[in-house]
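The values are calculated or read from the model by the stated rules, or taken from the named source; none is laboratory data. Predicted, not measured: the structure shown is a model, and the values here were computed from it. FYI the Cβ positions are ideal-geometry reconstructions off the backbone, even for glycines, and counts take in every protein chain you see. Each accessible area value is taken on the protein alone, full model and side chains, heavy atoms only, with ligands, DNA and RNA left out. Shrake-Rupley method; radii C 1.70, N 1.55, O 1.52, S 1.80 Å.
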Amino acid sequence: MNIQFEAPDKVNGLMTITLETADYQPEVEKTLKDYRKRANIPGFRPGQAPMSMIKRQYEPSVKVDVVNKLLGEKLYGYIQENHIQMLGEPLPSEQQEQLDFEGGQPLVFKFDIAVAPEFKAELTGKDKVPFYHITVDDKLVDKQVEMYQARFGNYEKAEEYDPEQRDLLKGDLRELDADGNVKEDGITLSEVSLMPQYIKVDAQKMLFDGSKLGDIITWNPRKAYPDNDAELSGLLKIDKEAVAEHTGDFTYQITEISRFIKAELNQELIDKTFGEGVVNGEKEFRQKIADQIGQQFAADSDYKFLQDVRAHMEKKVGKLDMPEALLKRFMLQRNKDKGADFVEKNFDASINELRWHLIKEQLVNAQGIKVDDADLKNVAREAARAQFAQYGMSNVPDEYLDNYAEDMLKKQEYSEGLVERAIDLKLTAALKQVVKLNEKDITLEDFQKMLKD
């Protein structure tokens with residue numbers, strides 16, 4: 001066996017592996033003998049079929065399997081032993097010649113290898129990177145308090161519709177004909193829910209202002225929702241395709257008015273929000289909210305910091321010489337169903353991500369960052385906590401978080417992202433101690449605008 005690797009331009013490699021018959025034939029013979037022991041061939045007792053028959057039937061496929069296995073072992077073993085930083089996977093070379101498995105001649109395999117460019121990515125105290133502290137002001141706390149009040153609010157019965165409130169109406173809906181009479185065989189519905197404040201057209205919305213229980217309002221649903229067939233089909237309980245057949249007026253007789261009342265800011269609301277006995281009084285409540293917002297802002301600040309580290313390092317490292325032709329071939333192989341146009345359209349973005357991956361890899365190694373099971377579990381717990389928070393559940397017991405986190409870690413679609421998140425968290429913490437931070441205070445509004453820009 002002979003293995004040669006050439007990369008004259010440092011990034012486009014050609015690996016040539018030459019296999020002699022003696023390299024693979026002993027394993028082929030061993031495998032065929034095992035086949036003979038297990039073969040169930042009519043006319044012969046198990047294990048007694050002639051070896052010539054076994055070879056004739058199985059040797060070609062066995063030889064291919066053995067050679068492919070040996071190739072994989074030697075190819076990846078060579079790459080590992082010689083510390084070749086390969087991008088993607090080896091590709092059959094365009095220089096590959098036809099192989100003859102039956103002629104007894106050496107088998108010569110050629111693979112194109114995309115090699116990572118050589119460069120140095122390092123950060124020191126001389127590198128200055130921005131770090132933004134997002135300020136938590138009373139306005140933000142007030143907004144969060146109001147959100148909790150709304151979350152735990154409830155509806156109460158009212159006598160008159162108030163357009164300034166979140167009033168919910170229930171009533172009977174009847175379709176009218178051109179003369180203003182109830183249309184024969186028209187739409188007639190009972191207990192139809194309606195929130196007039198969400199009507200798109202002011203002229204139709206204002207028809208409900210000041211209305212009381214029992215009042216009958218004549219209005220036009222098509223004019224109220226001129227561009228929303230889905231809204232109309234839901235209101236009228238018909239298919240979207242039938243909406244165009246009902247463009248006239250309707251009456252709506254109010255049978256119930258429910259007014260949304262925000263929860264009072266008291267200990268009951270505080271206990272519902274954070275659990276009984278965890279926070280006492282409005283002052284602690286507001287401080288707890290401020291602390292939560294601060295924790296979220298700290299994560300946002302760290303996220304922006306790593307973005308700025310990336311921008312700083314990409315500028316510092318500059319353009320890297322990439323094996324673009326090989327990488328395009330690799331991308332096309334991975335996206336056969338999407339074709340060459342997809343590869344061309346997304347290639348530059350993929351190269352940018354690859355460049356950052358290579359830079360980050362060096363930074364991670366320089367800081368000696370390792371991720372263990374405890375790191376992954378902590379990241380999964382925080383991801384679970386964030387998901388529960390989206391549904392207004394801010395005091396989820398630890399056992400639920402642990403179970404949810406364990407389920408996430410078992411699923412591959414989550415686990416890879418969690419590993420990257422754990423690496424990013426450790427890298428961010430480490431680099432904040434390495435570089436010189438150009439610290440700045442910033443409002444949430446300005447911070448969000450900066451991210452958007």
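Quick rundown of the values:
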item: Sequence-separation-based contact order of segment 316-453, relative, with Cα cut under 8 Å and 6+ spacing, percent; result: 22
item: Among A298, I113, L70 the positive-end extreme of the charge dipole of the chain (Cβ point charges); result: L70
item: Solvent-accessible area, 1.4 Å probe, carbon plus sulfur percent, for the chain; result: 46
item: Per residue accessible area of segment 115-158, 1.4 Å probe, in Å²; result: 61
item: Length released on extending from N82 to Q57, taking residue separation times 0.36 nm less the Cα-Cα span; result: 5.0 nm
item: Segment 42-59 - phi-based ³J(HN,Hα) in whole Hz, Karplus 6.51/-1.76/1.60, Gly and Pro as x; result: x, x, 10, 5, x, x, 10, 5, x, 4, 4, 5, 4, 5, 4, 7, 10, 4
item: Alpha-carbon Debye profile of segment 23-99, log10 I(q)/I(0) at 0.13, 0.27 Å⁻¹; result: -0.57, -1.24
item: Residue-span extension gain [D65 to A340] - 0.36 nm each, minus C-alpha spacing; result: 95.9 nm
item: Segment 1-98: trypsin sites (Lys or Arg not before Pro) falling in loop per DSSP and having at most 16 other Cβ within 10 Å; result: K10
item: Surrounding net charge for S415, when Lys and Arg each add one and Asp and Glu each subtract one, Cβ distance under 13 Å; result: -3
item: For segment 373-384, Karplus couplings with θ = phi - 60° (6.51, -1.76, 1.60), whole Hz, Gly/Pro x; result: 4, 5, 4, 5, 5, 4, 5, 5, 4, 5, 5, 5
item: Label point distance in nm, D227-F119, each placed 7 Å from Cα along Cα→Cβ; result: 4.5
item: Fraction of beta bridges assigned by DSSP in the chain that are antiparallel (%, nearest 5); result: 85
item: FRET efficiency estimate (nearest 0.05) - Cβ-Cβ, T428 to D398, R0 22 angstrom; result: 0.30
item: Whether segment 317-388 is rounded, prolate or oblate, judged on the alpha carbon gyration tensor where a/c under 1.5 counts as rounded; result: oblate
item: Interchain or long-range residues, amide H under 5 Å from F131's placed H; result: N438, E439, K440
item: Relative compactness, segment 92-211, computed as alpha-carbon Rg over 2.2 N^0.38 Å; result: 2.68
item: Computed over segment 135-242: relative contact order in percent, which uses C-alpha pairs under 8 Å that are six or more apart; result: 21
item: Karplus-derived 3J(HN,Hα), 6.51/-1.76/1.60, for each residue of segment 221-235, Hz, glycine and proline x; result: x, 5, 6, 5, 10, x, 10, 9, 5, 5, 4, 5, 4, x, 5
item: Above-threshold pairs, the threshold being 18 Å between Cα atoms, out of K69/K336; K10/K319; K55/K110; result: K69/K336; K55/K110
item: Amide H within-cut-off set for D215, under 5 Å, with H built and near neighbours excluded; result: I254
item: Which labelled figure in (i) 139; (ii) 294; (iii) 184 is volume of the Cα convex hull per residue in Å³, once derived from the coordinates; result: (ii)
item: Dipole moment magnitude, nearest 20 debye, the chain about Cα centre, only Lys, Arg, Asp, Glu C-beta charged; result: 2080
item: Sorted largest first, extent of segment 316-453 alpha carbons per principal axis (Å); result: 53, 42, 35
item: Within straight-line cross-link reach of K212, lysines at Cα separation under 24 Å, skipping those fewer than 8 residues along the same chain; result: K157, K170, K200, K223, K262
item: Cα-based helix-to-principal-axis angle, 281-317 vs the chain, degrees rounded to 10; result: 40
item: Candidate aspartates and glutamates - alpha carbon under 18 Å from K345, same-chain residues fewer than 8 apart omitted; result: E324, D337, E353
item: Rounded to 10°, Cα long-axis angle of helix 138-151 versus longest principal axis of the chain; result: 80
item: Spherically averaged projected area in nm², based on the convex hull that wraps the Cα atoms of segment 272-374; result: 12.1
item: Amide H within-cut-off set for I261, under 5 Å, with H built and near neighbours excluded; result: N154, Y155, E156
item: Sequence-separation-based contact order of segment 40-135, relative, with Cα cut under 8 Å and 6+ spacing, percent; result: 21
item: Cβ-derived FRET efficiency at R0 30 Å, E353 paired with D127, nearest 0.05; result: 0.85
item: Residues of type aspartates and glutamates that K139 reaches as a straight line, Cα spacing below 18 Å, ignoring anything fewer than 8 places off in the same chain; result: E282, E284, D291, D441, E445, D446
